[in-house]
Amino acid sequence: MPTDLKQAALQEQMVDQQADLIPAFMAQLMATDDMKSKQIDEFNTLLDRIVKEHGRILSRNSSKQHLFGDQLSYADISLYAFYKVYIVYLKIYQSNIDEIVKPKLTPEIINLILSIEKEPLLAPHLSKCDSMAAVLSSKAF
């Protein structure tokens with residue numbers, strides 16, 4: 001975490017907003033037929049807001065390779081994990097979740113995701129699991 005309290009708070013807030021999507025995802029999975037459409041809409045609206053916020057933060061940062069500053073941060077790793085969970089791991093619950101999330105990703109978000117996998121400190125660990133580079137390139141955007 002950064003030593004600057006404002007930057008630390010912004011990173012924590014972004015991570016907390018990502019966590020808000022988990023209950024929305026579960027609600028649309030568990031919704032009864034009469035509520036399914038409403039829950040799916042709520043999930044998509046929240047996902048759109050989160051993706052838009054990620055894009056806004058990236059566009060404001062001069063490095064364009066990180067959310068905050070020019071070095072790997074807690075927020076960068078969290079963003080990577082967030083999209084990996086929704087694109088790769090939640091397929092066991094909803095087979096088309098990647099088809100919902102992937103088209104929403106901006107080129108800047110994709111570049112950040114891919115740069116995380118190339119990060120020398122993380123590459124040895126991330127190489128042991130599914131590659132987001134492979135998943136993201138499996139279908140055209």
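As a fraction of the 1.4 Å probe accessible area of the range 60-125, surface on carbon and sulfur atoms comes out at 59 percent.
Annotation: peptides 74-80, 101-107, ranked by per-residue average of other Cβ atoms within 10 Å with the highest first, follow the order 74-80, 101-107.
Counting only residues at least eight positions apart within a chain, or on another chain, the lysines with an alpha carbon under 25 Å from that of Lys104 are Lys36, Lys38, Lys52, Lys64, Lys84, Lys91, Lys118, Lys139.
Enter the angle in degrees (range 0 to 90, nearest 10) between the Cα long axis of helix 5-19 and the first principal axis of the Cα atoms of the chain, meaning the one along which they spread out most. Taking the Cα atoms of the chain, the angle to 5-19 is about 30 degrees. The alpha-carbon atoms of the range 46-122 define a convex hull whose volume equals 86 cubic angstrom per residue.
Here the chain yields Rg over Rh of 0.98, to two decimals, using C-alpha coordinates and the Kirkwood radius. Give the angle, between 0 and 90 degrees and rounded to the nearest 10, that separates the Cα long axis of helix 21-30 from the longest principal axis of the Cα atoms of the chain. Value to nearest ten degrees: 20. Relative to the longest principal axis of the Cα atoms of the chain, the long axis of helix 74-87 makes an angle of roughly 30 degrees. The mean accessible area for residues of the range 17-131, using a 1.4 Å probe and ignoring ligands and nucleic acids, is 55 Å² per residue.
The values are calculated or read from the model by the stated rules, or taken from the named source; none is laboratory data. Because the structure is a prediction, the values reported are computed rather than measured. Counting neighbours? That spans all protein chains shown, and the Cβs are built from the backbone with ideal geometry, glycine included. In case anyone asks, the SASA skips ligands and DNA or RNA and just uses the protein heavy atoms, side chains included. Shrake-Rupley method; radii C 1.70, N 1.55, O 1.52, S 1.80 Å.
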